[in-house]
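Take a look at the structure set out below.
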Amino acid sequence: MRKIFTSILLTAAALVSRGEDQNCPVIQAVRTSSLPFSAEMTAPAWKNAPAYAFYKTAGTLEDFYRLPKEKAVVKLLYDDNYLYVGVRLQDSEVVSSGKSNQTFLFALGDTVEVFLKPAGEKYYWEIYGTPGKLTSCFYFRSRGVAGLSECYQYPLPAIKVDAVIDGTFNNWRDRDKGWKLLIAIPLKELCKNGLKFTTEENWTILVARYNYSRFLEETELSGFPQIIPDFHPLKNYARLELVTTTK
């Protein structure tokens, strides 16, 4: 049975392992000159940004290109100072017991995770946002050191997080509709090793979520692009394309 399951995972990995080539999925971030920092995301700039639907993590072949039971979409904007990650999430139970930043928030309730990595480099960031407006930022100089405690004791950069809940937070007795999250990631942090956040540089990205709910049969993991149940397969991240608009 173990051999069969391993074979399925290897086949799944091969199907999603498109790497950094022309077939790699793309997420566009649209340039904006000004942006009110609000998770409501009603500013006109958000209308110009394409939306990307989350897919289920692909644990089996049947999971490929399936939407999760509770859907989510992500849009990206950027300006001279920040990359903005806006996510709208369906959620029947908005829950998190997290109390402080720079902790393993994904183990404490609903969490959106943003992974950012320069193509051709080994280092990358793992950034969290929660409905309780908490955040964490971990920095890995390569996946080969991802288990070291130093990665999780990283000084928290000036990340901004806002969230709006359509329902009642941390009340399992009723049914919620969802929540919206906005994370602003300072470009100064992403460029600290000498790279620039421009159209000339190649950046890759994964946006994913942990969704906990008593109305689900199990914790639901999803994201864009679609990957196997591991948020660290670096070669499978989407290419982040920075674009401008005159609208």
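Rank VAL243, ALA158, PHE169 by how far each Cα sits towards the positive end of the charge dipole of the chain (+1 on Lys, Arg Cβ; -1 on Asp, Glu Cβ) and give me just the farthest.
It is VAL243.
Rounded to the nearest Å, what's the spacing between the alpha carbon centres of segment 34-70 and segment 186-247? Just the number, please.
11
Given a 10 angstrom Cα cut-off, can you work out which residue in ASP110, ASP91, ASP166 is the most mobile in a GNM of the chain?
Comparing ASP110, ASP91, ASP166 in a Gaussian network model of the chain, the most mobile one is ASP166.
Which value, in debye to the nearest 20, gives the size of the charge dipole of segment 2-243 about its Cα centre, when Lys and Arg are +1 and Asp and Glu are -1 at the Cβ? Walk me through the numbers before you get to the answer.
Numbers: 29 positive and 27 negative charges, 27 e Å.
That gives a dipole near 120 debye.
Compare GLU220, GLU70, GLU62 in a GNM of the chain, Cα atoms joined below 10 Å, and give the one with the largest fluctuation.
GLU62
Can you work out the Karplus-derived ³J(HN,Hα) for every residue in segment 161-171? Use 6.51 cos²θ - 1.76 cosθ + 1.60 with θ = phi - 60°, whole Hz, and x for glycine or proline.
Per-residue couplings from phi come out as 9, 9, 8, 10, 10, 9, x, 10, 6, 6, 10 Hz.
If you filter segment 68-105 for chymotrypsin sites (Phe, Trp or Tyr not before Pro), then keep DSSP loop positions with at most 13 other Cβ within 10 Å, what is left?
Answer in residue order: PHE104.
With contacts defined as alpha carbon pairs under 8 Å and 6 or more residues apart, what's the relative contact order of the chain in percent?
RCO, the chain: 28 percent.
Please enumerate, by chain and number, the lysines with C-alpha under 26 Å from the C-alpha of LYS69, excluding those fewer than 8 residues away in the same chain.
Here the lysines satisfying the reach criterion relative to LYS69 are LYS47, LYS56, LYS133, LYS177, LYS180.
Work out the charge dipole of the chain with +1 on the Cβ of Lys and Arg and -1 on the Cβ of Asp and Glu about the Cα centre, then indicate which of ILE27, GLY147, GLY98 is farthest towards its positive end.
Among ILE27, GLY147, GLY98, the one farthest towards the positive end of the dipole of the chain is ILE27.
Would you look at the GNM of the chain, springs on alpha carbons closer than 10 Å, and say which of ALA43, ALA163, ALA184 moves the most?
ALA43
With Cα extents along the principal axes in Å in mind, check [x] 51, 42, 39; [y] 46, 42, 34; [z] 77, 31, 30 and report the label derived from this structure.
The value matching this structure is [x].
So which trypsin sites (Lys or Arg not before Pro) in segment 84-192 end up in coil per DSSP with only 13 or fewer other C-beta atoms within 10 Å?
When the trypsin sites (Lys or Arg not before Pro) of segment 84-192 are filtered for loop state and at most 13 Cβ neighbours within 10 Å, LYS99, LYS122, ARG173, LYS177, LYS192 remain.
All of the numbers you see were taken from the coordinates with simple rules; none came from a lab. From a predicted model like this one, the values you see are computed outputs, not experimental measurements. So basically every Cβ, Gly included, is an ideal-geometry build from the backbone, and we count neighbours across all protein chains shown.
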